[in-house]
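Written below as structure tokens is the structure these notes are about.
The values are calculated or read from the model by the stated rules, or taken from the named source; none is laboratory data. Note that the structure is predicted; figures quoted are calculated from it, not measured. Neighbour counts are summed over all protein chains in view; Cβ atoms, including those assigned to glycine, are modelled from backbone coordinates with ideal geometry.
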């Protein structure tokens, strides 16, 4: 993972391409750069099994055994 991606397409195109049935992301605007710990669009499986587009914090969580009880902003390379 290079810790960076861009949103260069429309929200509707993301929904169609990923076949997301629900969109709870709000208004997604094009973004030149998405960095770790910033909100970004993610397609996930909802509790009922349907695919939904949500705006979530982007990044890779640090494994619990590495946190040692301290707050951590996530793993990057």
Subset of the stretch 17-54 [surrounded by 14 or more Cβ atoms within 10 Å (Cβ to Cβ) and outside any strand (DSSP E or B)]: 18, 20, 25, 28, 36
Positions within the stretch 60-77 being part of a loop (DSSP other than H, G, I, E, B) and modelled with pLDDT of 70 or more, in sequence order: 61, 62, 63, 68
